[in-house]
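Q: Following this message is one structure expressed as structure tokens.
The values are calculated or read from the model by the stated rules, or taken from the named source; none is laboratory data. As the structure is a prediction and not an experimental result, all values here were calculated from the model. Neighbour counts run over all protein chains shown; Cβ positions are idealised from the backbone, glycine included. The protein model used for the area step is the full one, side chains on, heavy atoms only, and it has no ligands, DNA or RNA in it. Shrake-Rupley method; radii C 1.70, N 1.55, O 1.52, S 1.80 Å.
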Amino acid sequence: MSRGPLTLAALASAAVPDLDPVSVEGVVTGPDAGYDVAFVHDAEHRRWVIRCPRDAAAAAELEQSAVLLTQLARRLTIPVPFVRGWVRLPEGGRAAVHAHLPGYLLDPAGLTPGRGLAAHLGRALAMLHNLDPRVYEDAGMPVFDAEGYRARRLADLDRAAVTGRVPSRLLSRWEQLLEDVRHWRFITTPTHGALDGSHILVVDHEESLAVRGFLGWERAQVADPADDFAFLIGSASEEAMETIMEAYAHTRTEHPDRYVLERARMVAEMARVRTMMAAVAAGDLDRAAHHEAALRDLDAELAGEDPTGASADRVTAIPIHHSDPADTTESTDGTLYSASSDDWSTEEYEVASEALAPEDTDTRPIEADRDDDGGDADEHDEPPHSSPSA
């Protein structure tokens, strides 16, 4: 089920002791999202994020990823959003609250070559992929080897083919790459698993921008490192990708395999299949038809292109446009609703949130928080030593 921002603020207050909400900004997410999300400001001038799962699958992902984040908070040099409080939901599962991490959301199209954000992103991804896979295994996250992950991709493709909604040329294109064993000789690594611009925070750093942290770890797994580059394909310029990959290769303890970006491109293309299959599983035929149309558009765009014909020595990203990273602003693919605590009572949260409709909300971009703000909850606090899912 979906919850409005006032309900989410009430849940956040119940999850964290001494969190007295003053205002809330609710991110209106699309039907494919597994979570309702809101930013909650409290009376101590701290800012919090609450993530409330919409179904049992999302609830399980949230619980499992929280165990991992407690370990990553001690091992990564960039902060991660470890959970500071939980609250049980009437239908089962729990919502989680963590300290807000200030920063801008990354615009991949704004990445430029050379020293700066692109290089910093490459190093940050390398540090993640350099982690000991046993950290993920101990946290109960999925662990694959290359052959097992290839088999999983093939199984996904077979299930998609049964629906009749995927063009045959796309199925043949992806099957060709999946069956070319040259592309699947690599060592799997810890991955984020769902990286895109909305999951990467950046901040001002020495007249440029640097990666502040990664968000949304629910799909973390030991798998193909190519998964974490897929969001850059078709968005970042070829020159920026060269900078990213050079910094990545220099920071990795194991040299990246030569086909990583070709697999990343396949992952980016097949992402449309995942969203279509999720809609089919949910019985949402209108949404499934929408994603089916997107697959037909992709088929027309890629018609006649050899999926394995590009040289492994050149970057496969498609240039879109360039902009100065200094102009990057924080953005969201949702809209925001803000409410003052003057309008609230605990009993009114549920009624007020259910009355909201998108056209009634006051929508605006999220204002970027700076490192020197001092008004955010301290994300650098040492994480609790007990399991966050306890």
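Q: Condition first: surrounded by 18 or more Cβ atoms within 10 Å (Cβ to Cβ) and not in a loop (DSSP other than H, G, I, E, B). Now tell me which residues in region 82-104 satisfy that.
A: Residues satisfying the conditions are 83, 84, 85, 86, 94, 95, 96, 97, 98, 99, 104.
Q: Output the residues belonging to region 152-184 that are within 13 Å of residue 270 (Cβ to Cβ) and among the hydrophobic types (A, V, I, L, M, F, W, C).
A: Result: 154, 155, 157, 160, 161, 166, 170, 171, 174, 177, 178.
Q: If I ask for residues that are within 24 Å of residue 210 (Cβ to Cβ), of a type outside the set (Lys, Arg) and in contact with a helix residue (DSSP H, G or I) (Cβ under 7 Å, 6 or more places away or on another chain), which ones from region 247-290 would you list?
A: If the condition is that a residue be within 24 Å of residue 210 (Cβ to Cβ), of a type outside the set (Lys, Arg) and in contact with a helix residue (DSSP H, G or I) (Cβ under 7 Å, 6 or more places away or on another chain), then 247, 248, 251, 256, 260, 261, 264 are the ones that fit.
Q: Residue by residue through region 257-273, note down the ones that are open to solvent by 20 Å² or more (accessible area, probe 1.4 Å) and touching a residue at least 60 places away in the same chain (Cβ under 8 Å).
A: 257, 259
Q: If you go through region 108-125 one residue at a time, do you hit one that is in contact with a Cys (Cβ under 6 Å, 6 or more places away or on another chain) and in contact (Cβ under 8 Å) with a residue 40 or more places away in the chain?
A: no
Q: Would you pick out the residues in region 262-298 that are under 16 Å from residue 194 (Cα atoms) and of a type in the set (A, V, I, L, M, F, W, C)?
A: 264, 266, 267, 268, 270, 271, 273, 278
Q: Which members of region 105-122 meet the condition of being surrounded by 22 or more Cβ atoms within 10 Å (Cβ to Cβ) and under 21 Å from residue 268 (Cα atoms)?
A: 106, 108, 110, 111, 118, 121, 122
Q: Based on this model, can you work out whether residue 219 counts as out of contact with any Cys (no Cβ under 7 Å at 6 or more places or on another chain), basic (Lys, Arg), surrounded by fewer than 22 Cβ atoms within 10 Å (Cβ to Cβ) and under 19 Å from residue 170 (Cβ atoms)?
A: Criteria not met by residue 219.
Q: Would you confirm whether any residue within region 42-54 is in contact with a strand residue (DSSP E or B) (Cβ under 7 Å, 6 or more places away or on another chain), surrounded by fewer than 17 Cβ atoms within 10 Å (Cβ to Cβ) and of a type outside the set (Val, Ile, Thr)?
A: Yes.
Q: With the requirement that a residue be open to solvent by 30 Å² or more (accessible area, probe 1.4 Å), of a type in the set (Val, Ile, Thr) and in a loop (DSSP other than H, G, I, E, B), what does region 180-199 give you?
A: Passing the criteria: only 187.
Q: Within region 273-288, is even one residue touching a Gly at 6+ places or on another chain (Cβ under 6 Å), part of a loop (DSSP other than H, G, I, E, B) and at negative phi?
A: no
Q: For residue 28, indicate whether it is among the β-branched types (Val, Ile, Thr), touching a helix residue (DSSP H, G or I) at 6+ places or on another chain (Cβ under 9 Å) and farther than 15 Å from residue 278 by Cβ. Lay out the reasoning, then the answer.
A: Numbers: among the β-branched types (Val, Ile, Thr): yes; touching a helix residue (DSSP H, G or I) at 6+ places or on another chain (Cβ under 9 Å): yes; farther than 15 Å from residue 278 by Cβ: yes.
Considered against the rule, which asks whether it is among the β-branched types (Val, Ile, Thr), touching a helix residue (DSSP H, G or I) at 6+ places or on another chain (Cβ under 9 Å) and farther than 15 Å from residue 278 by Cβ, residue 28 comes out as yes.
Q: May I ask you to list the residues in region 17-41 that are open to solvent by 10 Å² or more (accessible area, probe 1.4 Å) and among the β-branched types (Val, Ile, Thr)?
A: 22, 27, 28, 29, 37
Q: If I filter region 55-66 down to residues being under 12 Å from residue 140 (Cα atoms) and of a type in the set (Asp, Glu), which single residue comes out as most open to solvent (accessible area, probe 1.4 Å)?
A: Keep residues of region 55-66 that are under 12 Å from residue 140 (Cα atoms), which gives 60-61, 63-66.
When the remaining residues are screened for being of a type in the set (Asp, Glu), the result is 61, 63.
Working: 61: 66, 63: 43 Å².
The residue in question is 61.
Q: Hey, another quick one. For region 223-248, name all the residues that are over 16 Å from residue 114 (Cβ atoms), at pLDDT 95 or above and either in contact with an Asp or Glu (Cβ under 8 Å, 6 or more places away or on another chain) or of a type in the set (A, V, I, L, M) (or both).
A: 223, 226, 230, 231, 232
Q: Next up: Looking at region 139-179 only, could you name the residues that are in a loop (DSSP other than H, G, I, E, B) and either under 22 Å from the mean Cα position of the chain (by Cα) or under 29 Å from residue 70 (Cα atoms) (or both)?
A: 139, 140, 141, 142, 144, 145
Q: What pairs come out if I take residues in region 174-187 that are touching a residue at least 12 places away in the same chain (Cβ under 8 Å) and pair them with residues that are open to solvent by 90 Å² or more (accessible area, probe 1.4 Å) and in a helix (DSSP H, G or I) whose C-beta lies under 9 Å away, six or more apart or interchain?
A: These pairs meet every condition: 184/147.
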